[in-house]
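Engineer: Structure below; questions to follow.
The values are calculated or read from the model by the stated rules, or taken from the named source; none is laboratory data. Because the structure is predicted, anything quoted here is derived from the model rather than measured. Cβ atoms come from the backbone with ideal geometry, glycine included; neighbour counts cover every protein chain shown. These accessible areas exclude ligands, DNA and RNA; they are computed on the full protein's heavy atoms, side chains included. Shrake-Rupley method; radii C 1.70, N 1.55, O 1.52, S 1.80 Å.
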Amino acid sequence: MLEKILQLKSQSMTISQIAEECGLTIGQVKYRLQKGKSKSEQEGHQPNHQLPQKAEPDDNQGWRLASYYGRDIIKAMAQGPTVLFVYWEITWPRMRMVASYLQSDYRQIQKGIRIYDVTDRLFDGHNAHWHRDFQIQEEANGWYVNDLQPDRTYIVDFGLFDQNRFCPILRSESVVTPRNTKAVWGEPLIEPVTQTSVPSWFENFSSYSLYTKSTP
């Protein structure tokens, strides 16, 4: 498969065109090219297809985290009080399904993400405080969203803009931006419980459980 990808690449085909021709996702094509580059460098020679000689840093004894996993996913991560980083992967079967539904060529449809402010909301897709749209490039698989508000909860959709409407394909889990102010001495980090008989649910919960130290 790598030889076919390299042959198509030598014909000045784009990554998306190669993916369609080989029945792969854009991510899978990039991963195979990266894997072929690493193998060539380990063998200590440059093959006929002239892969680049410079390798990415690898400090873990030759192991590196795969960039793509061949599954549909979108993640949003807080990078600061006002910035989110969003990355996604969409498989070729999902692309073809969406393109068939829209009766359009997937490569020609404008891709984008939509971010929702869902603070204190049980989000149903329509009840966000506000939303903001971003159009992205064809081969992009990540995006920084700036100028957000601290201490707010957000959800991000990846989708397509078709005929003045946004068609969501993938939806992230909620993510909270950190506060950008110092806590006042004695100020509780969460709202105190008023009804002790009713459990309280929070947007964030640590994976570490809290235990009361018992006395012998």
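Engineer: Across the stretch 77-94, what is the number of residues that are surrounded by fewer than 15 Cβ atoms within 10 Å (Cβ to Cβ) and in a helix (DSSP H, G or I)?
Structural biologist: 1
Engineer: Give the residues of the stretch 103-118 that are over 19 Å from Gln137 (Cβ atoms) and of a type in the set (A, V, I, L, M), sorted by residue number.
Structural biologist: Val118
Engineer: While we're on this one: Could you tell me how many of the residues in the stretch 131-161 are open to solvent by 70 Å² or more (accessible area, probe 1.4 Å) and at pLDDT 90 or above?
Structural biologist: Number of matching residues: 9.
Engineer: So Glu173 ticks every box in (1) part of a strand (DSSP E or B); (2) more than 30 Å from Gln17 (Cβ to Cβ); (3) under 13 Å from the mean Cα position of the chain (by Cα) but one. Which box is left unticked?
Structural biologist: Status for Glu173: all satisfied but (1).
Engineer: Of the numbered conditions (1) modelled with pLDDT under 90; (2) surrounded by 13 or more Cβ atoms within 10 Å (Cβ to Cβ); (3) within 30 Å of Thr153 (Cα to Cα); (4) of a type outside the set (Phe, Trp, Tyr), His49 satisfies every one except a single condition; which is it?
Structural biologist: Answer for His49: the failing condition is (3).
Engineer: Could I ask something else about it? Just checking, how many residues over the stretch 141-165 are within 22 Å of Lys30 (Cα to Cα) and in a loop (DSSP other than H, G, I, E, B)?
Structural biologist: So the answer is 1.
Engineer: Restricting to the stretch 1-32, what's the tally of residues that are under 20 Å from Ile90 (Cβ atoms) and open to solvent by less than 30 Å² (accessible area, probe 1.4 Å)?
Structural biologist: 11
Engineer: With respect to Leu122, is the statement that it is among the aliphatic types (A, V, I, L, M), open to solvent by 60 Å² or more (accessible area, probe 1.4 Å), at pLDDT 65 or above and within 26 Å of the chain's Cα centre (by Cα) true?
Structural biologist: Considered against the rule, which asks whether it is among the aliphatic types (A, V, I, L, M), open to solvent by 60 Å² or more (accessible area, probe 1.4 Å), at pLDDT 65 or above and within 26 Å of the chain's Cα centre (by Cα), Leu122 comes out as yes.
Engineer: Checking Met97 against (1) at pLDDT below 70; (2) exposed (fewer than 15 other Cβ atoms within 10 Å of the Cβ), only one condition comes out false. Which one?
Structural biologist: (1)
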